Amino acid sequence: MGIPVRQAVKVGIYVLKNRLRGRKKYPLIVELEPLFACNLECPGCGKIQYPTEVLRQRVSVADAVAAMEECGAPMVSIAGGEPLLHPQIGEMVAELVKRKCFVYLCTNAVLLRRKMHMFEPSPYFSFVMHVDGLRERHDLAVARPGVFDEVVEAIAVAKKKGFRVNTNSTFFNTDSPDDVRSVLDFLNDDLEVDSMMVSPGYAYERASDQTNFLPVEQTKKLFKEVFADGRRKKWRFNHTPLFLDFLEGKVDYECTAWGVPSYSVFGWQRPCYLMADGYTSTYAELIETTDWDSYGRGRDPRCDNCMAHCGYEPTSVVATMSSLRESLRAVVGTN
């Protein structure tokens, strides 16, 4: 595993405190989208489908900090859109790091080498670069040739400057087990990234490509075959072992959508960043006024083919903390 000890300890204490207080709904990591504008037009992402007036909007640094302070989550994933297009992204990251929040800045890396000077290495900060396959496969996924090579260069430069570098890879029904193993081996062994995240693609409504997303049974089959040869143990994942078990169908969970709430230019999005059933101005309102029992597989048909980490990683974290055996299993994988 590639989860830092400092982060694992802080999150573990945070979960334990909430359990002792009897608090059942609390955030683990916020999906912060400070803008929806992007410099790529990936067919699997629908953010740039918003009208121009929305794409021009930005979450201010003050609002981003206030959102994190209100909800109290120990981690934040800054996504979008492309966060590096935000003129105050360096200041936003610095303010969140100052508050000892673990910050993951998600980027397609096209602008990263030119804007890396805006950031400082910190144990509380990681770049997360999207890598959805090797050169041909990745450039097809982002609909632009040359992006894969740019990502590889950005990873090398960032690591040389002392930054922690993670990757995030989304897989679709066009990906074979060999495809997945090849990109994970490349990231883990050749580029030596600090950790990797994987997720099956989910067909949310704004994505222009609605045909290549993975249904549940195909997701389980894919990851069961990917992990069949034992390489899972050597790959540095930024996931709990139980979430990886979930992906390959060894365990099943209910969605914990409130564990990864989404905040954007519209406010707090219900129920998650993949589905937009309205917005609230405060996190408290999101928790108190959302009918959480109406979402999840078997309840809402839009959830039936979802195994995304935003819903199920929080469930696996809580399950890990509830079991001494699983807690020890997760500890073995920290670095």
### Message
Report every pair of residues separated by at least 6 positions or lying on different chains whose Cβ atoms are under 6 Å apart, first residue within region 249-263 and under 22 Å from Ala73 (Cα atoms), second open to solvent by 40 Å² or more (accessible area, probe 1.4 Å).
### Response
Trp258/Lys25; Ser262/Tyr273
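Starting from residues that are assigned to a loop (DSSP other than H, G, I, E, B) and out of contact with any helix residue (DSSP H, G or I) (no Cβ under 8 Å at 6 or more places or on another chain), keep the ones in region 1-23 and report whichever is modelled with the lowest pLDDT.
Of all residues in region 1-23, those assigned to a loop (DSSP other than H, G, I, E, B) come to 1-4, 21-23.
So of that shortlist, the ones also out of contact with any helix residue (DSSP H, G or I) (no Cβ under 8 Å at 6 or more places or on another chain) come out as 2, 4, 21-23.
Values: Gly2: 71, Pro4: 86, Arg21: 93, Gly22: 93, Arg23: 93.
Looking at residues that are assigned to a loop (DSSP other than H, G, I, E, B) and out of contact with any helix residue (DSSP H, G or I) (no Cβ under 8 Å at 6 or more places or on another chain), I get Gly2.
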### Summary
All-but-one check, Leu40 against (1) loosely packed, with under 14 Cβ neighbours inside 10 Å; (2) at pLDDT below 95, failing number (1)
### Extreme residue, nearest to Glu120 (Cα to Cα), among residues of region 69-89 that are open to solvent by 10 Å² or more (accessible area, probe 1.4 Å) and assigned to a helix (DSSP H, G or I)
Leu85
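Only one of Val110, Val128 is touching a residue at least 60 places away in the same chain (Cβ under 8 Å), closer than 20 Å to Ala37 by Cα and in contact with a helix residue (DSSP H, G or I) (Cβ under 9 Å, 6 or more places away or on another chain); which?
Details: Val128 fails: in contact with a helix residue (DSSP H, G or I) (Cβ under 9 Å, 6 or more places away or on another chain).
Only one candidate qualifies: Val110.
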### Task
Scan region 144-167 for residues that are free of Cβ contacts under 8 Å to residues at least 12 places away in the same chain and either among the basic types (Lys, Arg) or buried (at least 18 other Cβ atoms within 10 Å of the Cβ) (or both) and jot them down.
Lys160
### Summary
Of Pro123, Pro27, the only residue that is within 30 Å of Thr240 (Cβ to Cβ), open to solvent by 60 Å² or more (accessible area, probe 1.4 Å), of a type outside the set (Val, Ile, Thr) and not in a helix (DSSP H, G or I) is Pro123
### Query
Do we find a residue being of a type in the set (D, E, K, R), open to solvent by 20 Å² or more (accessible area, probe 1.4 Å) and assigned to a helix (DSSP H, G or I) anywhere in region 259-281?
no
### Task
Hey, can you tell me all the residues within region 288-326 that are open to solvent by 30 Å² or more (accessible area, probe 1.4 Å), modelled with pLDDT under 85 and over 17 Å from Leu274 (Cβ atoms)?
Met321, Ser322, Ser323, Leu324, Arg325
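Would it be correct to say that Leu242 is assigned to a helix (DSSP H, G or I) and buried (at least 21 other Cβ atoms within 10 Å of the Cβ)? Lay out the reasoning, then the answer.
Details: assigned to a helix (DSSP H, G or I): yes; buried (at least 21 other Cβ atoms within 10 Å of the Cβ): yes.
Yes; evaluated as a whole, the condition is true for this residue.
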### Summary
Of the conditions (1) at pLDDT 95 or above; (2) among the β-branched types (Val, Ile, Thr); (3) part of a helix (DSSP H, G or I), the single one that Thr219 does not satisfy is (1)
### Task
Kindly establish whether Gly298 is in contact with a Ser or Thr (Cβ under 9 Å, 6 or more places away or on another chain) and outside any helix (DSSP H, G or I).
no
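The values are calculated or read from the model by the stated rules, or taken from the named source; none is laboratory data. Model, not experiment: these values are computed from the prediction. Reconstructed Cβ throughout: ideal geometry from the backbone, glycine too, with neighbour counts over all protein chains shown. Accessible surface is based on the protein model in full, side chains and every heavy atom, while ligands, DNA and RNA are left aside. Shrake-Rupley method; radii C 1.70, N 1.55, O 1.52, S 1.80 Å.
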